[in-house]
Amino acid sequence: MQQTDPIKDLGLDLGAEQKAKLLDFSKALLQWNKRTNLISKGDESRLFSRHILDSLSATSFLVGDSIVDMGSGAGLPGLPLAIACPHKKFTLCERMKKRAHFMQFVIANLGIDNAQVIEAPFEEIVSKGESFNCVVSRGVRGAEILWPIVERAITKSGRLIVYASTHSFGEEPISKSAGNIHEGGPHISSSAVEIPGLNKAHWFHIIDKR
């Protein structure tokens with residue numbers, strides 16, 4: 001029986017070197033998790049599907065060449081996305097020193113040349129006038145809360161992508177964003193991607209600046 005490729009099942013065509021980097025990232029994450037709280041202990045046995053594949057599921061929604069991962073934590077989703085999209089530039093924003101150091105270790109050791117870590121709150125980046133084509137956020141806050149924070153940091157025609165929640169298809173969570181963002185403002189939509197190995201879809205709330 002032929003074994004399926006979960007990365008291809010996501011619609012991604014990654015090379016052998018990219019796949020090797022994803023596996024090496026997974027190994028480093030498990031190793032560091034023994035002494036630093038990066039992911040839940042309960043997620044270690046399903047790390048690849050729960051975190052790596054789940055992070056990659058937003059790839060098709062990315063716009064532009066400059067991406068910032070807000071509250072990147074252990075580099076999820078920023079590092080898998082950077083590995084999958086070597087021609088885009090990723091900034092991983094994380095205020096916690098230990099997590100930032102882990103990401104810097106991974107970037108240096110795996111040669112992820114298109115990613116950098118900023119150890120600071122996202123609000124500090126905004127205050128310096130930094131701007132990006134796309135902001136991604138996983139496990140931080142809802143889109144309706146994040147939009148007022150990130151709007152100034154998103155370029156014209158840019159996008160906020162929020163990993164909302166995992167549900168079975170047909171169980172789309174109703175976004176509260178529409179009621180909290182002024183009428184005539186950005187375009188709000190929801191999309192879902194089925195995650196191989198989880199048998200669930202991850203729903204995304206997407207806000208396009210216009």
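The values are calculated or read from the model by the stated rules, or taken from the named source; none is laboratory data. The structure displayed is predicted, hence computed values, not measured ones. When we count neighbours, we look across all protein chains shown, and the Cβ atoms used for this are built from the backbone with ideal geometry, even at glycine.
The figures follow:
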{"quantity": "Residues of segment 59-93 satisfying the condition of being touching a residue at least 60 places away in the same chain (Cβ under 8 Å), outside any strand (DSSP E or B) and among the hydrophobic types (A, V, I, L, M, F, W, C)", "calculated": "PHE61, LEU62, VAL63, LEU76, ILE83, ALA84"}
{"quantity": "Condition check for ILE52: outside any helix (DSSP H, G or I), within 16 Å of the chain's Cα centre (by Cα) and surrounded by 15 or more Cβ atoms within 10 Å (Cβ to Cβ)", "calculated": "no"}
{"quantity": "Filter result for the condition that a residue is in contact with a Gly (Cβ under 7 Å, 6 or more places away or on another chain), of a type outside the set (Phe, Trp, Tyr) and either in contact (Cβ under 8 Å) with a residue 12 or more places away in the chain or surrounded by fewer than 23 Cβ atoms within 10 Å (Cβ to Cβ) (or both), over MET96, MET103", "calculated": "MET103"}
{"quantity": "Matching option when the condition is under 16 Å from the mean Cα position of the chain (by Cα) and modelled with pLDDT under 85, among SER175, SER165", "calculated": "SER165"}
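One line per residue, one yes/no per condition, for (1) acidic (Asp, Glu); (2) surrounded by 14 or more Cβ atoms within 10 Å (Cβ to Cβ); (3) modelled with pLDDT under 80:
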position: PRO148; (1), (2), (3): no, no, no
position: ILE161; (1), (2), (3): no, yes, no
position: PHE169; (1), (2), (3): no, no, yes
position: ILE181; (1), (2), (3): no, yes, yes
position: VAL193; (1), (2), (3): no, yes, no
position: TRP203; (1), (2), (3): no, yes, no
